[in-house]
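A short write-up of the structure that comes next.
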């Protein structure tokens, strides 16, 4: 088992079968993302993989989190290649904050492995911005308002990441399903990783790369929230500025 306590702030371990265990807290049963669920967004539909990744929602049912309607989740994504495509999450957009033109943001932290986050912003039916960001253990990143996003595990080991998100909205997956994924696919080639445009979107902007990590937020984000919840009020209150 691999201890994840230093980067989660909780007595959690990653087992050899890629499940989570704990000696101090009761973990929720993971929500498993299956082939049937993720098949619409895959570049190649032919794969023997049936279970893609595991989402442990509301891991720490702490009264401080509940007071502000914030949820702490952990996602485990074992490394696989589906044809030439690297394994990824299904992708989704967030709902709009009431009486604003902004969608809810989200905070991610890499716990183990490496993540490649892809954000995309749309205006009407067009994608106007696509951003890729690499993150390593301990890195904290923010999904800004009005961006849909996916997470790609392009490394050769299991990715474990945590997130903090406002719990009173539902993620919207239909747009990604209709378009058969994000604006770009991440594929393995002889030259290394490449970004392949998704033809379902028509013309899309050139993908740009960012190294902007979240300033002012610290890993582990669970402990950081417990120590100063006000820093995270931007998750549900647009009057609080997002620091990126």
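Every number here is computed from the coordinates shown, using simple stated rules; none is lab data. This structure is a prediction, so every number in the text was calculated from the model and none was measured. Note that each Cβ is placed from the backbone with ideal geometry, even for glycine, and that neighbours are counted across all protein chains shown.
In table form, for the structure just shown:
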item: Choice from 91, 113, 202 showing the highest fluctuation, given a GNM over the chain with Cα pairs closer than 10 Å; result: 202
item: Centre separation in Å (Cα based) which lies between region 180-244 and region 127-147; result: 1
item: More than 18 Å apart - percent of Cα-Cα pairs taken over region 1-68; result: 51
item: Gain on full stretching of the segment that runs from residue 155 to residue 50 - 0.36 nm per residue minus C-alpha separation; result: 35.8 nm
item: Sorted by Cβ density within 10 Å, fewest first, the residues 57, 206; result: 206, 57
item: Computed [θ] at 222 nm, helices only, for the chain once each DSSP H run of length n ≥ 4 contributes -39500 (n - 2.57); result: -2000 deg cm²/dmol
item: Within a Gaussian network of the chain (alpha carbon springs, distance under 10 Å), most fluctuating of 109, 61, 120; result: 61
item: Length released on extending from residue 69 to residue 174, taking residue separation times 0.36 nm less the Cα-Cα span; result: 35.3 nm
item: Approximate shape of region 59-205 as ellipsoid semi-axes (Cα gyration tensor, √5λ), whole Å, largest first; result: 25, 21, 11
item: Mean separation of Cα contacts under 8 Å, 6 or more apart, over the residue count of the chain: relative contact order %; result: 21
item: Relative contact order (percent, whole number), region 140-244, Cα cutoff 8 Å, 6+ residue spacing; result: 31
item: Estimated FRET transfer efficiency (residue 125, residue 22; beta-carbon r; R0 41 Å; 0.05); result: 0.35
item: Most mobile of 158, 100, 47 in a GNM of the chain (Cα contacts under 10 Å); result: 100
